[in-house]
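The values are calculated or read from the model by the stated rules, or taken from the named source; none is laboratory data. All of these numbers come straight from a predicted model, not from anything done at the bench. For neighbour counting, all protein chains shown are included, and Cβ atoms are generated from backbone atoms with ideal geometry for every residue, glycine included. When the accessible area is computed, the model is the full protein with side chains, heavy atoms only, and any ligands, DNA or RNA have been set aside. Shrake-Rupley method; radii C 1.70, N 1.55, O 1.52, S 1.80 Å.
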Amino acid sequence: MLLKIRHALLEVTNHPNSKQSAIIINNELIITSGCILLPYVRPILPFVADHTNDNVCASTKIIHKLQQCRLVNAQDVDTDEAHFLNTLSYQVTFDRRKLPVSIAERRRNPNIPHILTRYGAKLLYIFSSNEISRNLHKMLNSLTFNESQTKEHNEVLITSFLVLTMRPDKTTESPEKFERFLEHIAHYLRYIHTIRPLDDVLTMCTPFGLENFYKTINIGKVSNVIGKNGSLFVLSNNLPLGCEGSAVFNDKLRLTGLIISTTFQRNNENLQMTMAANFAYLLRDFMNQLGIKITSITIPREPSNFAWERTMVVIEANGNQGTGTFVKVQNKKFIITCSHVVFQVNSKVYCRGVDGEFEADVLWCNPNYDTAFDVALLSAPSNIPTRYCVRMAQTKPCLGQTVYNAGFPYFVNFNLKYDFNPSIFQGRIIKYTPAAIMSDGCVQAGQSGGPMFDEHGNIMGVCVSNIKMDKVVYPNINNAIPIVTIRSILENYAKTNDVLVLNNLVANSDIQRIWSLAPPPVISKL
């Protein structure tokens with residue numbers, strides 16, 4: 001039996017109306033993210049953990065089961081959970097045709113039906129993946145949602161998944177066939193390869209849940225793999241709302257993941273982050289909860305071919321978090337980062353690298369940290385291997401050149417000693433001046449001070465900030481300090497070991513004007 005995976009749009013037609021992407025397998029089984037239930041599954045506060053209490057609402061019982069990674073069976077009509085879930089009306093929209101209609105065929109037969117067809121769907125199960133929820137919970141320790149009271153409930157639904165069907169009679173009357181169907185999908189997963197950072201991926205989705213955007217293609221890369229077995233991974237392309245539940249395919253166009261979230265909130269600021277669940281792990285946990293024996297799925301996490309993880313450190317100073325890079329200039333090793341991460345000289349900051357934790361001295365930082373050359377230098381441990389230090393780029397950046405912005409956005413938790421997960425985002429240089437390198441690679445909170453690499457692994461720039469206009473932050477347009485501009489000053493410091501040499505890094509008025517996007521002093525008129 002072949003496995004046909006199609007894109008679909010799932011809709012809950014109750015008020016409020018909710019739409020999001022989904023995948024449909026062999027025109028029969030529909031799978032999507034539990035995010036679609038966020039407007040409906042809302043426990044009455046205060047949340048009562050005792051689900052056996054008859055006074056608690058159905059939403060509370062659903063959340064409690066999912067927290068324990070217990071299956072919610074919507075077919076068990078004797079339960080409050082199933083009764084509540086079946087009051088919701090589900091519809092699925094997708095294209096059943098094998099090939100799109102050609103223009104010539106459309107002219108011969110203008111009455112060919114529209115590309116999309118809508119069907120009624122029935123919810124079968126809701127389940128939460130233990131592997132996926134555990135890793136997301138670790139990651140979200142430093143994040144908050146819009147409503148702090150319902151943070152835990154939202155987290156549970158983000159790591160939960162809906163299983164629906166368009167043929168309820170066929171599924172309920174023949175559970176053995178349904179079991180064989182799931183086993184066939186598991187067999188398909190035997191050929192899934194390890195997910196690694198910088199792997200090419202393709203996402204098929206319906207942004208904003210609008211039919212006009214049906215089957216939108218997004219091509220990007222894996223930016224981060226989370227967890228020992230890679231049960232979660234982050235994508236470089238920022239997808240909008242409505243893309244939750246959409247399929248992620250690898251470079252062989254094989255299903256490898258399912259989008260579970262496109263935005264989070266941190267410090268009252270919306271952060272765009274496309275996070276996907278490894279499809280192998282969510283299917284394995286679903287089959288286990290159904291009591292179906294499945295061969296253990298093990299996809300070992302492998303390092304990327306681009307050896308960038310060991311070159312970076314997480315920096316924590318005065319409640320701020322940023323990124324630093326090990327650099328060797330002449331025979332001197334130090335960490336380069338941003339002034340606004342560390343703020344003051346002659347102090348110590350807490351750092352964590354791939355090999356462990358350490359304290360670093362702030363050797364120098366630009367007192368004008370809100371202007372150009374927002375740079376600081378920290379001491380590096382004496383036992384840091386030379387291979388951990390990156391080389392400084394010697395040539396000027398070129399427009400269109402591929403770059404990699406790396407760092408630690410959002411989800412670093414200093415209590416997790418064994419999870420060291422820097423992210424890397426591919427982009428291109430869109431503008432260069434001696435004051436700044438502007439790229440379209442993603443940079444977000446926590447990446448300040450992180451490196452901008454070229455294709456050879458040399459550090460071209462130090463990431464500083466996004467472009468912000470009229471209080472709107474654009475994460476895919478950002479500025480970095482050009483290494484080629486400050487290289488000679490760093491070399492002079494390495495030779496003389498004189499910290500006063502670094503005072504030359506304070507930018508002059510022309511550089512500051514360019515950095516602040518101020519217009520030229522004189523604009524000629526024709």
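Please compute one quarter of the surface area of the Cα convex hull for segment 192-284 and express it in square nanometres.
6.2
Calculate the spin-label point distance for Asn27 paired with Arg96, positioning each point 7 Å from the Cα along the beta-carbon direction, and give it in nanometres.
0.6
Taking only protein heavy atoms and a 1.4 Å probe, what accessible area per residue, in Å², does segment 309-516 have with all protein chains in place?
Values: 8900 Å² over 208 residues.
So segment 309-516 comes to 43 Å² accessible per residue, rounded to a whole number.
Taking the mean number of other Cβ atoms within 10 Å as a proxy for protection, how do you rank 234-240, 332-338 from highest to lowest?
Packing proxy ranking, top to bottom: 332-338, 234-240.
Count charges around Gln91 for me, please; just the other residues with Cβ under 14 Å from its Cβ, Lys/Arg as +1, Asp/Glu as -1. Before the final figure, lay out the partial values.
Working: positive: Lys19, Arg118, Lys122; negative: Glu11, Glu211.
Neighbour charge sum, excluding Gln91 itself: +1.
Ignoring solvent entirely, what values of log10 I(q)/I(0) come out of the Debye formula for segment 309-516 at 0.16 Å⁻¹ when each Cα is a single scatterer?
-1.00
Quick one: if you stick a label point 7 Å off each Cα along the C-beta vector at Thr117 and Glu357, how many nm between them?
Inter-label distance under the simple model: 5.9 nm.
Run the simple label-point estimate for Tyr474 and Lys332 please: 7 Å along Cα→C-beta, distance reported in nm.
Result: 3.7 nm between the two label points.
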